[in-house]
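*Asks:* What follows is a structure written as structure tokens; I'll ask about it next.
Nothing in this text is a laboratory measurement; each read-out follows from the coordinates by a stated rule. As the structure is a computational prediction, the values presented were derived from the model and not from experiment. Positions of Cβ are generated from backbone atoms using ideal geometry, with glycine treated the same way; all protein chains shown enter the neighbour counts.
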Amino acid sequence: MSRLNTLALLSVSGLLALSTFGQLAVTSAATAASAATAASAASAASGLSAPRAANPFIRHMYTADPSAHVWEDGRLYVYPSTDVAGGRGYQKMDGYHVFSTDDMVHWTDHGEILHSRDVDWGRKGGGYMWAPDCAYKEGTYYFYFPHPTGPNARDSWKIGIATSQSPASGFKVQGYIEGLEPHIDPCVFIDEDGQAYLYYGGFGEPLVAKLKANMVEVEGPSMRMHGLEDFREGAFVFKREGIYYMIYPDNTPRGHQMRYAMSEHPMGPWEHKGILLDKTSSLTTHGSVVAYKGQWYLFYHNADLSGGKVTNRSICFDPVTFNADGTMKQVVQSSQ
Ligand code: FUB
């Protein structure tokens, strides 16, 4: 089967089975009708009127930390990290796949776009390919990924960059961003005036820097952001009706919650607003918010597919709704 695997039937009906991870095998005749029925059930469970894939919507491999974007071709792309089957640790995470859809039901796996073996400045032994993000500017896709240079990951994290003229193939590593602090979890937000911001940081430190127009260098030192309550890692920033929103995981023991904050400025100060997503079946949480075809969605991960193995996570999405004052309603996690 081609690497461009259309996953809708797998996602919505369970009628496809796995031979090994990464290879799909059809085990019985899957009809469009049964897929549509399952999609309708998933959509009803999450309060949407349109069909959607069931959660987790990628089931042939383990994925986490989904960053979702809508690009100029009108498709919604998700850039997650990859968990290694067998419950092996976060340090074993290696390689990134990209998934896309144009209807929230049928998902295409575009295959692996990058692996630690492609990173010539990376640590010996690979692994540690943690939560990435992707940005688009003037014909180029910029893929940002955290990866350490040395054996002691905590002291040597870098934010690497790979670029391509396509959203889901052809990425070539360009190096890493100089002058950053040794941290994880990049998120790049480009404002309406064209200024791009790099948010990053874990271990309780929320950091931001302005990116230069070339998208691969920063203007001056990173700033620590203020007003966030119980910040852990994994910031994701988006803008709606002139207001900036940041979602981020907190430090709640045995199951991090997703919090959110709002600001009138892209670098803060932020005003903490509360819990966006309760803990999931995974210890960690990490996600993104995107609008697609008139509906806002939260992408996140849980560990339902692996029966709760916290290093075998799976990406999910559910609708997000806003109150009249711009605050966000807590997202309801759906599983079918
Ligand atoms: O997936 C590896 C790490 O776990 C991410 O970088 C963090 O945000 C957490 O999800």
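*Asks:* What is the Å³ per residue value for the convex hull set by the Cα atoms of the stretch 201-304?
*Replies:* That works out to 126 Å³ per residue.
*Asks:* What 222 nm value per residue comes from the helices of the chain, counting each DSSP H run with n ≥ 4 as -39,500 (n - 2.57) and dividing by all residues, nearest 500 deg cm²/dmol?
*Replies:* Rounded to the nearest 500, it is -2000 deg cm²/dmol.
*Asks:* Would you calculate the convex hull of the Cα atoms in the stretch 200-252 and tell me its volume per residue in Å³?
*Replies:* For the stretch 200-252, the hull spanned by Cα atoms encloses 99 Å³ per residue.
*Asks:* Assign one of three labels to the stretch 81-147, namely rounded, prolate or oblate, based on the Cα gyration tensor with a ≥ b ≥ c the square roots of its eigenvalues; rounded applies when a/c is under 1.5, prolate when it is not and a/b is larger than b/c, and oblate otherwise.
*Replies:* Because a/c hits 1.5 or more and a/b fails to exceed b/c, the stretch 81-147 counts as oblate.
*Asks:* Quote the charge dipole size of the stretch 232-336 about the Cα centre in Debye, to the nearest 20; the model charges only the Cβ of Lys and Arg (+1) and of Asp and Glu (-1).
*Replies:* Approximately 240 debye in magnitude.
*Asks:* Could you check which residue among D83, D318, D230 shows the biggest mean-square fluctuation in a GNM of the chain with a 10 Å Cα cutoff?
*Replies:* Answer for the Gaussian network model of the chain: D230.
*Asks:* Sort I184, I243 by Cβ crowding within 10 Å, fewest neighbours at the top.
*Replies:* Lowest count first: I243, I184.
*Asks:* Report the local net charge at S282: Lys and Arg +1, Asp and Glu -1, summed over other residues whose C-beta lies under 13 Å from its C-beta.
*Replies:* Summing Lys and Arg as +1 and Asp and Glu as -1 gives 0.
*Asks:* May I pose another question? If you add up the charges near F231, with Lys and Arg at +1 and Asp and Glu at -1, over every other residue whose beta carbon is less than 13 angstrom from its beta carbon, what do you get?
*Replies:* -3
*Asks:* Just grab the label-to-label distance for A50 and E264, each label 7 Å out from Cα along the Cβ direction, in nm (one decimal).
*Replies:* 3.4 nm
*Asks:* Sort 96-103, 161-168, 67-74 by packing, meaning the average of other beta carbons within 10 Å per residue, with the highest value first.
*Replies:* Going from most to least packed, we get 96-103, 161-168, 67-74.
*Asks:* Show which lysines lie in cross-link reach of K293 when reach means a straight Cα distance below 24 angstrom and same-chain residues fewer than eight apart are skipped.
*Replies:* Partners found: K137, K239, K329.
*Asks:* Residue-wise, which Karplus ³J(HN,Hα) couplings in Hz belong to the stretch 195-202, taking 6.51 cos²θ - 1.76 cosθ + 1.60, θ = phi - 60°, and x for glycine or proline?
*Replies:* Those phi angles translate into 6, 9, 10, 9, 9, 7, x, x Hz.
*Asks:* So what's the net charge close to G74: Lys and Arg +1, Asp and Glu -1, counting the other residues with Cβ under 13 Å from its Cβ?
*Replies:* Surrounding charge for G74 is -2.
*Asks:* Using only the alpha carbons of the chain, what is the convex hull's orientation-averaged projected area in square nanometres?
*Replies:* Here the figure is 15.7 nm², rounded to one decimal.
*Asks:* Using every alpha carbon pair in the stretch 46-191, what percent of pairs falls into each 5 Å bin from 0 up to the bin containing the largest distance?
*Replies:* So the P(r) values, bin by bin, are 2, 9, 19, 23, 19, 14, 8, 4, 2, 0.
*Asks:* Taking just the alpha carbons, could you work out the radius of gyration and Dmax for the stretch 167-223, both in angstroms?
*Replies:* 12.0, 34
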